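> I have a structure I would like to understand better, so I am pasting it below and will then ask my questions one at a time.
The values are calculated or read from the model by the stated rules, or taken from the named source; none is laboratory data. From a predicted model like this one, the values you see are computed outputs, not experimental measurements. Reconstructed Cβ throughout: ideal geometry from the backbone, glycine too, with neighbour counts over all protein chains shown.
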């Protein structure tokens with residue numbers, strides 16, 4: 001049976017790594033987030049208020065296209081970041097911090113809500129939950145220069161939005177992974193545990209939890 005699993009979580013939590021590891025472990029096709037082709041990015045970083053709407057619309061359209069393409073795949077897929085995070089986390093954060101005005105934000109949300117109402121969801125979202133301390137350590141460890149100056153306050157804002165979003169998300173089942181306690185990069189047993197829980201959830205178990213961590 002074909003499966004469509006999407007990995008969600010804050011910057012540095014390990015979405016891309018888990019996508020790669022799961023694709024190897026389960027022989028699923030990986031699909032990674034691509035952001036460098038956004039033609040508005042340079043303008044956005046120079047003037048967020050002017051270009052935030054344009055940049056987020058571009059990200060949303062690309063993510064929707066990718067989501068639809070994954071639905072058409074014949075084989076199982078695992079996706080790095082979901083279409084929902086663009087709107088529920090990043091566009092919302094831009095609006096809350098004053099970098100997107102209310103008129104643009106409302107128009108963006110209306111488009112997002114109309115499309116996602118008819119867009120089939122994944123079979124499962126795996127939400128990687130981590131504290132800011134863990135995020136900052138993993139960001140430091142992977143060494144991407146453009147991420148090293150991400151502030152604690154910004155990561156905290158995103159974490160708050162992730163928690164708000166996932167609490168009310170009901171379009172498909174969600175498996176929450178306590179990433180502070182599970183190092184699936186260096187600990188093979190942790191990866192096996194996460195894989196086991198994902199398969200349990202996909203097979204219809206309502207309550208799948210990580211115990212004694």
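> Here's a check for you: in the stretch 188-204, which residue that is in contact with a helix residue (DSSP H, G or I) (Cβ under 9 Å, 6 or more places away or on another chain) and surrounded by fewer than 16 Cβ atoms within 10 Å (Cβ to Cβ) is farthest from residue 118 (Cα to Cα)?
If we filter the stretch 188-204 for residues that are in contact with a helix residue (DSSP H, G or I) (Cβ under 9 Å, 6 or more places away or on another chain), which is where we start, we get 191-192, 194-195, 198-199.
Cutting the leftovers down to surrounded by fewer than 16 Cβ atoms within 10 Å (Cβ to Cβ) gives us 192, 199.
Working: 192: 34, 199: 26 Å.
My answer is 192.
> Something else: Can you report the number of residues in the stretch 33-57 which are at pLDDT 90 or above and surrounded by fewer than 17 Cβ atoms within 10 Å (Cβ to Cβ)? Explain how you work it out, then say what you get.
First, the residues of the stretch 33-57 that are at pLDDT 90 or above: 47, 49-57.
Within this subset, residues satisfying the condition of being surrounded by fewer than 17 Cβ atoms within 10 Å (Cβ to Cβ) are 47, 49-50, 54.
The total comes to 4.
> Looking only at residues in the stretch 146-178 that are loosely packed, with under 13 Cβ neighbours inside 10 Å and in contact with a helix residue (DSSP H, G or I) (Cβ under 8 Å, 6 or more places away or on another chain), which one is modelled with the lowest pLDDT?
Residue satisfying both the conditions and the ranking: 148.
> What are the residues in the stretch 63-78 that are farther than 20 Å from residue 9 by Cα and in contact (Cβ under 8 Å) with a residue 40 or more places away in the chain, if any? Don't jump to the end; show me each part of the working.
Just the residues of the stretch 63-78 that are farther than 20 Å from residue 9 by Cα, to begin with: 65, 68-69, 71-76.
Residues satisfying the conditions are 68, 71, 73, 74, 75, 76.
> Still on this model: Tell me which residues, restricted to the stretch 1-24, are within 15 Å of residue 75 (Cβ to Cβ) and surrounded by fewer than 20 Cβ atoms within 10 Å (Cβ to Cβ).
Once the filter is applied, which keeps residues that are within 15 Å of residue 75 (Cβ to Cβ) and surrounded by fewer than 20 Cβ atoms within 10 Å (Cβ to Cβ), the stretch 1-24 yields 1, 2, 3, 23, 24.
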